[in-house]
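Asks: The structure follows.
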Amino acid sequence: MKRIYLHPLPLRIWHWMNALMVILLIISGIELRLPGIAALPTNNTALLVHRYAGWAMVISCVFWFMYSLISGNLQRHYMIRRRDLKGTLRQAKFYLFSIFKGEENPFRPSPEEKFNPLQKLAYGTIMCIFTGVLVVTGVLFSDILSFRKYILLLNIMKVIDATHVIGAYVFVLYLVVHIYMSTLGPKAFFHIKAMILGYEDEADEPEMIAVYEQVPGEPGATTAVISPESAVACQECHTKQGGADIDG
Amino acid sequence: MDQHDEEMEILEPAVRSFSLDHPCSRRQFLKVGGISIIGISALGPVLARGATKPLIIVEQAQGIVVADPVKCVGCGRCELACTEFIDGKASPTLSRIKVDRNLNFGPKGVFALRQGQGNWGNGLVVQDLCKQCSHPVPCADACPKDAIVVAPPGNVRVVDPDKCNGCKICLRACPWEMISFDPDSNKATKCFLCNGKPKCVEACPAESLSYVPWRDLRNKAPHRITTTAVIPPGKAAACQECHLPGAQKIVGQGIPKFFGAVKAGRPSSLRELGFKWIDMVGTALLSVVVILVTVHGVLRSVVKR
């Protein structure tokens, strides 16, 4: 049994704080948008909750961007590469068909690349586009004196309103799928446990690292620093004709 | 008794199919379950639509008539043009533009917000018109019948004569006393900028009146404090959806002002602005996704077995 460290502590703390805030925002947002559904006792409570959770969300969002950029998290795990094009199809096929046959997930997370192509797409869009849009429109709504003046001047209240609500619906849709898919691991709480503890258990097999087909032009594994003894071992799997033929 | 029996006849099959001791077939279960899912997902927009909301005007008026007191000669042709166009009769007391002298005597005393300028007033000619107040609109907020509405073009505040019941509360609510009252029809009436072409401006021979875009000058003038005394309780509760109690008080300078605004700010009352189709599409999509996810999960557990 091998344990790989997938989720660093700051991101784990951020994830669960963020989850709490998102839940608060969704409940109070439903109350504000559809007052017929009594999610909270009074409208004032909903307003207070939405406002304070909203400002917490702004801080959370800024933290995530700063952390992701500085730690290289964004570049490493969210950048979409050329090989992901094939991976997307393969991953979609897995979730739609082969998962019912009990097949293994074709993607295995590693500290170098912890998201499969579909995850990259979903998380990237949600974090970089929808959360951003929600936070910006939310701040505009928050009636900071100077913003309100320009909103009234440009008469774009309705545009901001529609954007915020559409973004919120997309976020809720994403959340449903996200929660469901977090239970798709070998066991129901496999991924959730990893999100809490940081480590993901892995069966004790050597070739467990994510291996995609090498795309010409992509930097491949350099063999220059592999000692001759190990290089022979390499060739047990990578035959000279079949595998990655480097330098002809 | 008969009616009761009839009711029981209708209710009984329904009660029977839901009672616990009744064996529920798979088909029945799926039918009821499916209808419940669709029903619950449809409930959101329906409930939201059913809620009655008091009318609150947030739209900004786009135009206003302003008068240059230096050019005005006090001829009163604007008042005649106003009443002749709108009411079909010459009746300066009904006029929505009010031109008279600032005289501090007579049965009525001094007019609203005109200071006496000495014991008897300064005798200057004063021109007054509806200011097309921005939110909160005092007359519209006070109206118990929601008869003062926003109308195109230019988002003017206008009295809807069908809704007005002549209670005269708006006459007291307007801080400028700019609402007129027609005793013949028993309706309040106010300036609506003659639908974008003010007749008083056309009639003015001295070019004192002009129709200009509405501009918010409140940052340059002393702050207006809206009286809430004449707002009915039902509507005052609606005000608090946006204005939290005590939330407007915290305003400082510079950075404290920013944080005060952060603390005092509120998300706008979104549902006043409509876009119900977003809710319809959103809830529909949400139920579709929930059903898909459920089907996926059920299929997975079934195939695993």
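The values are calculated or read from the model by the stated rules, or taken from the named source; none is laboratory data. Source: prediction; values computed, not measured. As a convention, Cβ positions derive from the backbone with ideal geometry for all residues, glycine included, and neighbour counts pool all protein chains shown.
Asks: Go through (1) at pLDDT 90 or above; (2) more than 24 Å from the chain's Cα centre (by Cα) one by one and return the number of the condition A:Val62 breaks.
Replies: (2)
Asks: Please specify each residue of segment B:122-152 satisfying the condition of being assigned to a loop (DSSP other than H, G, I, E, B), closer than 20 Å to B:Pro213 by Cα and either modelled with pLDDT under 85 or of a type outside the set (D, E, K, R) (or both).
Replies: Across segment B:122-152, the qualifying residues are B:Leu129, B:Cys130, B:Gln132, B:Cys133, B:Ser134, B:His135, B:Pro136, B:Val137, B:Pro152.
Asks: If you take the residues of segment A:72-106 that are under 15 Å from the mean Cα position of the chain (by Cα) and part of a loop (DSSP other than H, G, I, E, B), which of them is farthest from A:Leu11 (Cα to Cα)?
Replies: Out of the qualifying residues, it is A:Ile80.
Asks: Looking at segment A:112-127, is at least one residue away from every other protein chain (no Cβ under 11 Å), in a helix (DSSP H, G or I) and basic (Lys, Arg)?
Replies: So far as segment A:112-127 goes, yes, one or more of its residues are away from every other protein chain (no Cβ under 11 Å), in a helix (DSSP H, G or I) and basic (Lys, Arg).
Asks: Return yes when A:Phe171 is modelled with pLDDT under 80, crowded, with 16+ Cβ neighbours inside 10 Å, among the aromatic types (Phe, Trp, Tyr) and assigned by TED's automatic domain parsing to the domain that holds A:Ile26 and no when it is not.
Replies: The answer is no for A:Phe171.
Asks: Checking the condition closer than 14 Å to B:Leu55 by Cα, buried (at least 20 other Cβ atoms within 10 Å of the Cβ) and among the β-branched types (Val, Ile, Thr), which residue from B:Val156, B:Val137 passes?
Replies: On inspection, the qualifying residue turns out to be B:Val137.
Asks: Mind listing whichever residues of segment A:165-178 are facing chain B (nearest Cβ under 9 Å) and within 16 Å of A:Met21 (Cβ to Cβ)?
Replies: Result: A:Ala168, A:Val172.
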